[in-house]
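Inspection log for the structure reproduced underneath, given as structure tokens.
The values are calculated or read from the model by the stated rules, or taken from the named source; none is laboratory data. Predicted model only: the values in this text are computed from it and were never measured. Note: ideal-geometry Cβ built from the backbone for every residue, glycine included; neighbour counts use all protein chains shown. Heads up: the accessible areas ignore ligands, DNA and RNA and are worked out on the full protein's heavy atoms, side chains in. Shrake-Rupley method; radii C 1.70, N 1.55, O 1.52, S 1.80 Å.
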4 protein chains.
Amino acid sequence: MFFASDNGGPAHPAVMAALARANDGHRMPYGVCDWTDAAVALVREALDAPGAEVHLVTTGTAANALCLAAMSQPWQRIFCSDIAHVLDDEMGAVTFFANGAEMAPVAHTDGRMAPADLFARIAREDPRRRGPVSVTQVTEAGTVHTLGHLAALVAAAGDLPVHLDGARFANAVAALGCTPAAMAAGMTAVSLGGTKNGCLGVEAAVFPDPARAHALWARRKRGGHVLSKTRYLAAQMVGYLEHGLWLETAAQANRKTARLAAALANHPDVTLAHPVDANIVFARWPKGLHDRLRAEGAQYYLMEDGANRPADAPLLCRLVCDWSVEDAAIDRLLSLLHAG
Amino acid sequence: MFFASDNGGPAHPAVMAALARANDGHRMPYGVCDWTDAAVALVREALDAPGAEVHLVTTGTAANALCLAAMSQPWQRIFCSDIAHVLDDEMGAVTFFANGAEMAPVAHTDGRMAPADLFARIAREDPRRRGPVSVTQVTEAGTVHTLGHLAALVAAAGDLPVHLDGARFANAVAALGCTPAAMAAGMTAVSLGGTKNGCLGVEAAVFPDPARAHALWARRKRGGHVLSKTRYLAAQMVGYLEHGLWLETAAQANRKTARLAAALANHPDVTLAHPVDANIVFARWPKGLHDRLRAEGAQYYLMEDGANRPADAPLLCRLVCDWSVEDAAIDRLLSLLHAG
Amino acid sequence: MFFASDNGGPAHPAVMAALARANDGHRMPYGVCDWTDAAVALVREALDAPGAEVHLVTTGTAANALCLAAMSQPWQRIFCSDIAHVLDDEMGAVTFFANGAEMAPVAHTDGRMAPADLFARIAREDPRRRGPVSVTQVTEAGTVHTLGHLAALVAAAGDLPVHLDGARFANAVAALGCTPAAMAAGMTAVSLGGTKNGCLGVEAAVFPDPARAHALWARRKRGGHVLSKTRYLAAQMVGYLEHGLWLETAAQANRKTARLAAALANHPDVTLAHPVDANIVFARWPKGLHDRLRAEGAQYYLMEDGANRPADAPLLCRLVCDWSVEDAAIDRLLSLLHAG
Amino acid sequence: MFFASDNGGPAHPAVMAALARANDGHRMPYGVCDWTDAAVALVREALDAPGAEVHLVTTGTAANALCLAAMSQPWQRIFCSDIAHVLDDEMGAVTFFANGAEMAPVAHTDGRMAPADLFARIAREDPRRRGPVSVTQVTEAGTVHTLGHLAALVAAAGDLPVHLDGARFANAVAALGCTPAAMAAGMTAVSLGGTKNGCLGVEAAVFPDPARAHALWARRKRGGHVLSKTRYLAAQMVGYLEHGLWLETAAQANRKTARLAAALANHPDVTLAHPVDANIVFARWPKGLHDRLRAEGAQYYLMEDGANRPADAPLLCRLVCDWSVEDAAIDRLLSLLHAG
């Protein structure tokens, strides 16, 4: 019963197969090879961005920090929601890569900034310090921005460049039922995640307009993110994107999550903390129930520090499904929930 | 005929097999798993350093930069040979991770600093700016320091910490016929390479005394080098170290290189530029010969910019063998060399 | 009618006289001189900190950033009020000097953080990222923390070091009627301002316990803040501190401000926005009144951007008095206020 | 007998007088005042650069580091002589302000890079890492580049921007007998020093073409180098430049130095180590003579660490004259030299 993260599952067999196919003969290192070319072509095709600059890296932190660094000056601020992953969960990676640019958090509702709040925060900032905006899709609260909401955030950003943190890009596309290109519309840079949705560890930092990707290769090299045997990153991305695997695994993860969320929503002791749009559930339930689930081996995260919560308050739990979560695990969790 | 790099070959089947074994079920992300534990245990055992702090990353640049950053202050200098990889080939990664610490190059002979030169360079430095020393083993010139030479460099460093850039650690151990622990003796930190010697992409940053690894986890996270699905790095390292695979592949690469070097040394138009101790050959031969080899598909690097060399001077060529280079490729190269 | 800033007035004649006295003969540069020794001795005496490490610099930004950099790691956060000068008014200087440490703002009331809010914000932070706390006294809202409030903030910080941004240190001491040492109690570092209160440009970065001032000289040099002819900074500080000039000029500035504030408080169209404890007044009055004052030559800052305010709302105005503001200027302003 | 530095003398009375004149009434802070306007106008006029961007700061380190930061990317290298002040004497200030750009030293003769050596060093560098060139005039060896030499260095730099570290700009102009503008020809940025030649502490960072001064104000603010009471920096610069004072004091310092150097050159136990072109003498004399001079109170620097020199070798001594050195001090030193 593993619901702790979509970083915990295995790689998809098709991705492993691509890796095995790539493990053949010699290739020039550092990105000069057929596999890298193929991966870049597939990313461009997926986003309908034929001239895009595409950089494959191993972590979402690297993809986000590199994208935002290329869009910022060291004395600028980067606008994001106040629960953004780039704000709190990366030990200051963005500020590190951006040589000092700080984050400027904006209030969120269910993980989404209101366009008017973003606009007001930018207006309040010293114009010399106005840097890029970063939007997370799927949000850290498990919700998905509509295309209209994304467009409104891009409009609120005005002349400022906008970055889409798409660690769960495919899950959002599957949820919206739109094309990947439609979801990337208006973005200066996109972090397109593979790791959480079937890969071993690969993310693409994408600039649809390569003129905006200022010195990204130098930044990546300097950050230790130019792998020598690039083909093994590229092969994962090829296996992930070709034949639309990524959208299938994402849809599957979303469906499993929806089933879980629906059952939770009907449970008398459980409250959903946010709408469930993709593959993440935030729910509250009593400590007694939590203790029982844990004792039976359910794995998920508690999101609040005990110090900041009354002893008898329900606990805020986060459950995530990746494509590989088995129906049996969900069944077991649900039966435990109702067995109390 | 691929001799361009030991970054160009495939991963060893045993490493691929470990990867496949690891691709099973769910694991907690970010290093909390059985595979990571096993990899760390094997690294500690290899270096006879039971309490060592071990961090798995994907590039040598990351391993080197993280090690040196943890040993430096931003205003210090890092002493290294003037052909050190950390000096010239990483787009300033060390300075980036070390928040500004600069490199202080010391003259080399065949890639090795003389202990007296290192001592004198340190003595000349403002004491407040004396940071760590970095020694590359196998050197960038393809030579290997004797254990005595390493000990003399550690002695010359005095109180300053010493880092071993061991991108080809196993090749050096195989060349010296010593234990890995003997080669790491006296080192504050070791970058222990896997990528060039049979892995897909994994290096270990190792601090035998964990008290010296100041905030390495935070630095790694901040650098985007904490992979979520760590088991795939760990599995590579397990496959690489268990049953002594790493020393076998390294010995094999060295043997192939020795055969190549011996033949080159006997060729009338070829001069070896440095002693060949491990798996790298630096040799000079005429442009006519080079053109012929290239036309036949031989891949290796030219090391000098045309602008800095007389038109008719022999070319400085670098040839590298990894474990996977086939004898047939060497035979073919040698027959082409003698066919002129 | 200059009320725009306490950075706008002339230097006090006694400070100018000290400067003239110091302009005699040769001195060794970079702080090795009698004048520097005398200034350091006076700062130590003022704070009753006989072993304190004292660094003279030319700006409050430098003093604050150097102090906080010496107390932080690059991946940590620095806790401060959400209107702190170090947060918003220095183009990211703290983050720059601290090699990436970010600010973590805490809500304020009249410029002061509630100890419980500070405690909760620290508790919420990843323990590895908990860096120093910075408290401004006189606050950016013109109020003064009581000694009890300061002690409670120090207690809330627990093991974390605390920095006092004392750009208006003397004004706060004068307001509290305490000793300078009492106000610095519990502080790891103090920025002790001179510029706003009678000097040309000098601030002291002070660490009562020199063991906490990690590499401050190196940081200062690297920041371009080691002046060669240090005696001219030192002489200002000597003229400022000897014979208690600093507390006299501060008391005088506070008295003038109190008179101004009292008159404003009684005006029917004026509202004070914060209590007036020292030498800064925040008041709101109608745009018509503002236009009249401006037309007559009154200089003060408007604190809100027009974009964020209804057209007919009263304007938030900041008026500051330094020691040199003439009573006639206050009289004139008040008569204009009542002439409408 | 103070010959330790041209940072040791008093400020010129005309500079002190300008300071006193400026100490009158209120002025808007942060550079918005008549004094700043006047200083900027005088700098522009001096360099015949009517649109130049001019920033007044308090140290040469700040002027150099800010200029070079505005001309560099974090992953680039900055080319300079291997005894450049920016390389060795500023605790890494350039790298700090330039967010990581490293120095690339080029061999010097008497403090001057040969244009061919500079060209070759640049050619050898990865094109992506080619940053600006910094040339010191007066050099750290006390020599002065001819205008032709400067032009040849600018030509060798090709498309790369060139910075002139003119901490002793006026001494060089006086030595060359040219116009200040002629000496600044071809430079993208100039550090124009005041401190060593009669001021208390002021230097100008000047970009003749303001389009090249990328975000210099933000960098300066972030570095803590925007003084609030700017008029006191500006007044020094006004007193220094108006009526040509700067060129008079520089010529006087050079004349005194020439007399000292001529006498030293004729002394049988003394050897000049470099040509003496401006106000710095490098000379070698025996330890016995040195001990006698020190005992009599002569102040100058020894330039070599004892550890790196045979016990009986003559000592390398640096003597510097500023405008205020008295003829009597020179007479006394010379009579001591001949009294042995």
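Whole-Hz Karplus ³J(HN,Hα) for segment C:190-207, in order, using 6.51 cos²θ - 1.76 cosθ + 1.60 and θ = phi - 60°, x for Gly and Pro?
3J(HN,Hα) across segment C:190-207, in whole Hz: 9, 8, 9, x, x, 4, 6, 10, x, 9, 7, x, 7, 9, 10, 9, 10, 10.
Helix-only mean residue ellipticity at 222 nm, chain D, DSSP H runs n ≥ 4 weighted -39,500 (n - 2.57), per residue, nearest 500. What is it? Don't skip to the end; give the middle numbers.
On the way: 14 runs with 138 residues, N = 340.
After summing the helix terms and dividing by residue count, I get -12000 deg cm²/dmol.
Contact order normalised by length for chain D, with contacts defined as Cα pairs under 8 Å and 6 or more residues apart; what percent is it?
On the way: 683 pairs, mean separation 84.1, N = 340.
25 percent.
Using all Cα-Cα distances in segment B:189-261, what percent lands in each 10 angstrom bin from 0 up to the longest?
Once binned at 10 Å, the Cα pair distances of segment B:189-261 give 17, 40, 29, 11, 2.
Calculate log10 I(q)/I(0) of segment A:199-340 for q = 0.12, 0.15, 0.19, 0.22 Å⁻¹, where I(q) comes from the Debye formula with a single equal point scatterer on each Cα and nothing for solvent.
Taken in order of the listed q values, log10 I(q)/I(0) reads -0.69, -0.86, -1.07, -1.31.
Inside 10 Å of the C-beta atoms of A:211-224, what's the mean count of C-beta atoms belonging to other chains? Walk me through the numbers before you get to the answer.
Working: counts 0, 0, 0, 1, 6, 0, 3, 9, 5, 2, 10, 13, 12, 21.
Per residue, the average neighbour count from other chains is 6.
From other protein chains only, count the Cβ atoms within 10 Å of every residue's Cβ in C:78-91, then give the mean. Mind showing how you got there, number by number?
Numbers: counts 0, 0, 0, 0, 0, 0, 0, 0, 0, 1, 5, 2, 6, 17.
Mean partner shielding for this stretch: 2.
With the label 7 angstrom out along Cα to Cβ, how close does residue D:181 come to the same site in each of the other copies, in nm, nearest first?
Computed spacing set for this position: 5.7, 6.1, 7.5 nm.
Put a label point 7 Å from Cα along the Cβ direction on residue B:295, then list its distances to the equivalent points in the other copies in nm, shortest first.
Here residue B:295 shows inter-copy label distances of 8.1, 8.2, 9.1 nm.
If you take the accessible area of B alone, add that of C alone, and subtract the area of the pair, what total do you get in Å², probe 1.4 Å, to the nearest 100?
Details: alone 14250 and 14240 Å², together 27540 Å².
Interface area, both chains combined: 1000 Å², rounded to the nearest 100.
Mind listing the Cα extents of segment B:258-340 along all three principal axes, in Å, largest one first?
Cα spread of segment B:258-340 along its principal axes, largest to smallest: 34, 26, 21 Å.
By per-residue mean of other Cβ atoms within 10 Å, what is the highest-first order of B:190-199, A:106-115, A:316-325? Intermediate values should be presented prior to the final figure.
Working: B:190-199: 28.5, A:106-115: 19.0, A:316-325: 24.0.
So the peptides B:190-199, A:106-115, A:316-325, ranked by packing, come out B:190-199, A:316-325, A:106-115.
Please give the charge dipole size of the protein assembly as shown, origin at the Cα centre, charges +1 on K and R Cβ atoms and -1 on D and E Cβ atoms. Round to the nearest 20 debye.
On the way: 116 positive and 136 negative charges, 0 e Å.
Charge dipole of the protein assembly as shown: 0 debye, to the nearest 20.
Counting heavy atoms of the protein chains only and a 1.4 Å probe, report the per residue accessible area for chain A as a whole number of Å².
Values: 11080 Å² over 340 residues.
In whole numbers, chain A has 33 Å² accessible per residue.
Name the nearest-to-axis residue of chain C, judged by Cβ distance to the rotation axis taking chain C onto chain B, and quote that distance in whole Å.
With distances in whole Å, chain C gives C:99, 2.
Computing the accessible area with a 1.4 Å probe over protein heavy atoms, can you report the carbon and sulfur percentage for segment B:117-194? Present the calculation step by step, with values, prior to reporting the outcome.
Details: 1300 of 2250 Å².
Heavy-atom surface of segment B:117-194 belonging to carbon and sulfur, 1.4 Å probe: 58 percent.
Could you run the Karplus curve 6.51 cos²θ - 1.76 cosθ + 1.60 with θ = phi - 60° over segment A:279-289 and give me ³J(HN,Hα) per residue in whole Hz, x for Gly and Pro?
10, 10, 10, 10, 9, 10, 8, x, 4, x, 5
Using Cα centres only, tell me the gap between segment B:164-228 and segment A:28-98 in whole Å.
What the calculation gives is 27 Å, centre to centre.
Considering the alpha-carbon set of chain D alone, what are its Rg and its Dmax in angstrom?
20.2, 61
D for the protein assembly as shown, whole µm²/s, Stokes-Einstein with Kirkwood Rh over alpha-carbon pairs at 37 °C and 0.692 mPa s: what number?
Numbers: Rh = 33.8 Å.
Taking Rh from Cα pairs, D becomes 97 µm²/s.
Treating the point 7 Å from Cα along Cα-beta-carbon as the label, what are the nm separations from residue C:17 to the other copies, to one decimal?
So the label point of residue C:17 gives 2.3, 9.1, 9.2 nm to the other copies.
So which lysines can residue D:229 reach, going by Cα to Cα under 30 Å and dropping same-chain residues fewer than 8 places off?
List returned: C:196, C:221, C:229, C:256, C:287, D:196, D:221.
Considering only C-alpha atoms, what is the centroid distance from segment C:275-340 to segment D:148-163, in Å?
Spelled out, the Cα-based centre of one part sits 54 Å from the other.
Quick one: 3J(HN,Hα) in Hz for segment C:94-110, Karplus 6.51/-1.76/1.60 with θ = phi - 60°, rounded, Gly and Pro as x.
Whole-Hz 3J(HN,Hα) from phi for segment C:94-110: 4, 4, 4, 5, 8, 6, x, 4, 9, 8, 10, x, 10, 4, 10, 10, 6.
Of the listed peptides A:59-71, B:143-155, what is their order by residue-averaged count of other C-beta atoms within 10 Å, with the highest listed first?
On the way: A:59-71: 29.2, B:143-155: 18.6.
Descending mean neighbour count gives A:59-71, B:143-155.
Starting from the amide H of residue D:162, placed 1.01 Å from N in the peptide plane, find each other amide H under 5 Å away whose residue is 5 or more places distant or on another chain.
Residues meeting the amide H criterion: D:133, D:188, D:189.
Taking the Cα atoms of segment C:132-236, what is the range of coordinates along each of the three principal axes, in descending order and whole Å?
41, 32, 22
For segment B:1-71, just list the percent of Cα-Cα distances falling in each 10 Å bin from zero outward, please.
Histogram of Cα-Cα distances, whole percents per bin: 15, 35, 38, 12, 1.
Averaging sequence separations of C-alpha pairs under 8 Å and six or more residues apart, then dividing by the length of segment C:169-262, give the relative contact order as a whole percent. It would help to have the intermediate numbers written out before the result.
On the way: 76 pairs, mean separation 32.6, N = 94.
RCO, segment C:169-262: 35 percent.
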